[in-house]
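Chemist: Mind having a look at this structure? Questions to follow.
Any read-out appearing in this document is the output of simple, stated calculations on the displayed coordinates, not a laboratory observation. This one's a predicted model, so the numbers in the text were calculated from it and none came from an experiment. For neighbour counting, all protein chains shown are included, and Cβ atoms are generated from backbone atoms with ideal geometry for every residue, glycine included.
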């Protein structure tokens, strides 16, 4: 059997079902197109509506042959660790090793409302250790710690599964944790180039301090990518609406990470439109509302931490991310169809030396 050619752009990824979607089956055609146009990976973010990480990853696995697949992210406590381990092992084998498990902290307020514990760094670290123990054929006996209480956990003593763990990170403590224990790190959308550069330094220094090879940790920047070819309403939703939604949920974390002025965040929060707004701006914001936020509330510099303009302009911003130290770039908020002209432009600008990256988004080599 002839070996399949690797993806043309292993350094690039998109998100499946970018933003909100009520039709998860749309992912099938998205993954097929993403693979056809050369994207290296598809990332799948979980939402508690119609975007279950395991189901989406299964759909992606069933209709693809080369593209990497990552859950980015699921939370370590919304599934039992044995269930998560089984999900990952199943996807790992079903994809021939193209799958990476992504874990993230999630939203404290949401977990408070759900009645589950908030996710700590200790929980992320120890869940990762438990999963790796199970994947290596080991067992967990008499565990009582940050990841839960388990008398006995085991999958199969014959297992020797090499499944990378991605960690989503914004603040310094999580960046350091990711550098210490994760195989790959997925940063946050709307990081400035300076923030990206600093985050890469924190991760690699933490890896070195932990006795790891800093270059073995694959770092993904996440770049909001919205070309001028996208219709106005959708462009506002993908850019202004998405940033405003992040500011609604955990604005202070993102603002502090970027070194932005907290007074601007307070101005956003105190705006009459924002106060008591009945939903996420990227889901229900109108053109008038989003235009108001863009023109009258949000600093232009905040929105500039993205890729906009012509497809060539957006391709140039990919180069900026690599120059700031990222190994790979998730083109966030755009469908594969919307990214196709960006990839055409990227083909003309792409530097040498990127073809060696594996298709699996969690591995560096």
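Chemist: Based solely on its DSSP helices, what 222 nm [θ] is calculated for the chain when runs of n ≥ 4 H residues each add -39,500 (n - 2.57) and the sum is averaged over all residues, nearest 500 deg cm²/dmol?
Modeler: On the way: 15 runs with 156 residues, N = 365.
Helix contribution divided over all residues of the chain: -12500 deg cm²/dmol.
Chemist: Provide 151, 209, 264, 282 in ascending order of the number of other Cβ atoms located within 10 Å of each residue's Cβ, fewest first. Before the final figure, lay out each step's value.
Modeler: Working: 151 9, 209 12, 264 17, 282 23.
Lowest to highest Cβ neighbour count: 151, 209, 264, 282.
Chemist: Further, regarding this structure: Multiply the residue separation of residue 32 and residue 229 by 0.36 nm, subtract the distance between their alpha-carbon atoms, and state the gained length in nm to one decimal.
Modeler: 68.7 nm
Chemist: Order these by the 10 Å Cβ neighbour count, fewest first: 167, 87, 114, 56.
Modeler: Values: 167 30, 87 19, 114 12, 56 22.
Neighbour counts put them in this order, fewest first: 114, 87, 56, 167.
Chemist: Once R0 is set to 22 Å, what does the formula 1/(1 + (r/R0)^6) return for the Cβ-Cβ distance between residue 323 and residue 356, expressed as a FRET efficiency to the nearest 0.05? Present the calculation step by step, with values, prior to reporting the outcome.
Modeler: Working: r = 18 Å, r/R0 = 0.83.
Efficiency, rounded to the nearest 0.05: 0.75.
Chemist: For segment 20-48 and segment 177-204, what is the separation of their Cα centres, given in Å?
Modeler: Value for the Cα centre distance between the two parts: 24 Å.
Chemist: Give, in whole angstrom and from largest to smallest, the semi-axes √(5λ) of the equivalent ellipsoid of segment 229-305, with λ running over the eigenvalues of the Cα gyration tensor.
Modeler: Numbers: eigenvalues 71, 40, 24 Å².
For segment 229-305, the ellipsoid semi-axes come out as 19, 14, 11 Å.
Chemist: Next question, about the same structure. Going by C-beta contacts inside 10 Å, put 218, 93 in order with the fewest on the left. Kindly include the intermediate steps, with their values, before the conclusion.
Modeler: On the way: 218 25, 93 13.
Ascending number of Cβ neighbours within 10 Å: 93, 218.
Chemist: Could I ask something else about it? Considering only DSSP beta bridges where both residues belong to segment 14-106, give the percentage that are antiparallel (nearest 5).
Modeler: Around 10 percent antiparallel, to the nearest 5.
Chemist: So for the chain: antiparallel DSSP bridges make up what percent, rounded to the nearest 5? List each step's numbers first, then the result.
Modeler: Details: 7 of 39 bridges.
That works out to approximately 20 percent antiparallel.
Chemist: Of all the C-alpha pairs in segment 1-53, what % are more than 17 Å from each other? Walk me through the numbers on the way to the answer.
Modeler: Details: 557 of 1378 pairs.
Counting every Cα pair in segment 1-53, those more than 17 Å apart make up 40 percent.
Chemist: For residue 5 and residue 160, FRET efficiency with R0 = 41 Å and r from the beta-carbon atoms, rounded to 0.05? Could you put the intermediate results ahead of the total?
Modeler: On the way: r = 28 Å, r/R0 = 0.68.
Calculated transfer efficiency: 0.90.
Chemist: How large are Rg and Dmax for segment 33-86 when calculated on the C-alpha trace, in angstrom?
Modeler: Considering segment 33-86 through its Cα atoms, Rg and Dmax are 12.1, 36 Å.
Chemist: Next question, about the same structure. Restricting to Cα pairs below 8 Å that are 6+ residues apart, what does the relative contact order work out to for segment 229-305? Please round to a whole percent. Could you put the intermediate results ahead of the total?
Modeler: Numbers: 54 pairs, mean separation 33.9, N = 77.
About 44 percent, as a whole number.
Chemist: So, in Å, what gap is there between the alpha-carbon centers of segment 278-303 and segment 149-176?
Modeler: Here the answer is 37 Å between Cα centres.
Chemist: How much length would be gained if the chain were fully extended between residue 107 and residue 22, taking 0.36 nm per residue of separation minus their Cα-Cα distance, in nm to one decimal? Each step should come with its number before you reach the end.
Modeler: Values: separation 85, 0.36 × 85 = 30.60 nm, distance 2.15 nm.
28.5 nm is the gain from fully extending residue 107 to residue 22.
Chemist: Apply the Kirkwood formula to segment 258-350: the hydrodynamic radius equals the inverse of the mean of 1/r over all pairs of different alpha-carbon atoms; give it in Å with one decimal. Intermediate results must be reported in sequence, preceding the final value.
Modeler: Working: mean 1/r = 0.0644 Å⁻¹.
In segment 258-350 this quantity evaluates to 15.5 Å.
Chemist: Sort out for me the Cα centre separation of segment 62-97 from segment 209-248, rounded to whole Å.
Modeler: 22
Chemist: Suppose the chain between residue 193 and residue 304 were pulled fully straight at 0.36 nm per residue; how much longer would it get relative to their current alpha carbon spacing?
Modeler: Numbers: separation 111, 0.36 × 111 = 39.96 nm, distance 1.03 nm.
Gain on stretching residue 193 to residue 304: 38.9 nm.
Chemist: Would you mind classifying segment 121-189 by shape? Square roots of the alpha carbon gyration tensor eigenvalues, ordered a ≥ b ≥ c; an a/c under 1.5 is rounded, otherwise it is prolate if a/b is larger than b/c and oblate if not.
Modeler: In terms of gyration-tensor shape, oblate.
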